[in-house]
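This report refers to the structure that appears directly beneath it.
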Amino acid sequence: MRKFFILTLTVFATAFGQVNLQVTAPASLEQVNIADLDVSRLKDLPLLFTVTITSDTPRNLKLHFQVFAKIGNEPEEIFADAWSLPFEVNRILSFTNQDLASGKAGIKSDKDRTKIYEDKINKIKDLAQSTGRLPAGSYRFVIQLLDESELGILSTWEKVYEITNPSRIDLVSPSYESEVRTQFPIFKWIAPNFKEFEIFVYEKLPNQTTPEEVVSGDKNLRWRYKTTESQVQYPREALPLENGKSYYWYVKSTISGSRGIEEIRSEIWNFSVNLGQTTTEAVVSKLTPTEKKTLDNLVNAFKQAGNSEIAELLSKIVSDFVILIDGRPATQGEIEEILRAIRQQLADLGAEVEVK
């Protein structure tokens, strides 16, 4: 059974006696399929809203539906403006958008007044052609309840949905079919507008040949973790990944959309652990004198700060060593600035750093 976050908004009006309008609709929508806003094809739509109208006396009423969109820096535009013919409410009437489409609600469309702005809808469809989803932007839905003579609006329901349209999770590292030289790798991915993630890391067993086989069960699941970040490290307290073995990983998330909760998964990537034989000499032979001096200073700074594990890791790294700042390699000046900051923090603690 689909879980669906529901927001119930109730609006009361006192004109012409007591008439109540209650609309139940999703609390949030992160993405919407373009087909789900095609007012001309209501019968194909999923359950989007439920309307309940109550009146203290039997009366004839009308409904007015409008849909607006604001994308990017463009002004807000209307692209659906639908009216109903008069219909009777005998104390209470409840219906869904699907009931409207099938005729079960007993409410008919006023085709002479209903306007579907095809040019604007086509513009939206062009933007959504590659994904089938509405472009990111603000989408405003309005339902008005009027008396038969339209002398006044008895009640109005309005809801604005900010569509962020998260659609994909792109893995970054460990990269596809790569080797890592640690038993505790850092996993990184790119996924704008997603709120929460779950990462899965599996060990490849000898009898498994495809990525789908590897991630199909729990017997070889090595790590599963929920996070709001897009970068996490394999935990030190977990069983270390084993040298010489291959592992598969992927990330998933969920979004609330016009058809309920949808699960989004990344590709499945694999990597292997190869601790190898790393020595300081291997670093010395491939680093420039300036780079070697900078690295030595950084190692010394971490040692004197009491971070011996980090210092030892730095002293044994291979020649592809690189310091990243915001995902890019740090410049020599930035590395020196990091060293100055570390030395200053140590000085504040009464320690000294020897710079060779």
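The values are calculated or read from the model by the stated rules, or taken from the named source; none is laboratory data. Remember, predicted model here, so these are calculated numbers, not experimental data. Because the Cβ atoms are built from the backbone with ideal geometry, glycine has one as well, and the counts that use them run over all protein chains shown.
Where strands (runs of 3 or more DSSP E) fall wholly inside segment 137-248, the ranges with 2 or more residues that are touching a residue at least 60 places away in the same chain (Cβ under 8 Å) are 137-147, 153-163, 170-173, 178-180, 186-190.
Check whether at least one residue in segment 136-155 is on the phi > 0 side of the Ramachandran plot and not small (Gly, Ala, Ser), and report yes or no. There is at least one residue in segment 136-155 that is on the phi > 0 side of the Ramachandran plot and not small (Gly, Ala, Ser). A single member of Gln66, Gln98 is in contact with a strand residue (DSSP E or B) (Cβ under 6 Å, 6 or more places away or on another chain), surrounded by 14 or more Cβ atoms within 10 Å (Cβ to Cβ) and not aromatic (Phe, Trp, Tyr), and it is Gln66.
Only one of the numbered conditions (1) at pLDDT 90 or above; (2) surrounded by fewer than 18 Cβ atoms within 10 Å (Cβ to Cβ) is not met by Ile190, and that is (1). With a requirement of 3 or more residues that are of a type outside the set (Gly, Ala, Ser), touching a residue at least 24 places away in the same chain (Cβ under 8 Å) and farther than 19 Å from Tyr139 by Cα, the strands (runs of 3 or more DSSP E) lying completely within segment 49-109 that satisfy it span 50-55, 59-70, 87-89, 92-96. For segment 240-274, filtered to residues that are at pLDDT 90 or above and aliphatic (A, V, I, L, M), the residue that is nearest to Arg181 (Cα to Cα) is Val273.
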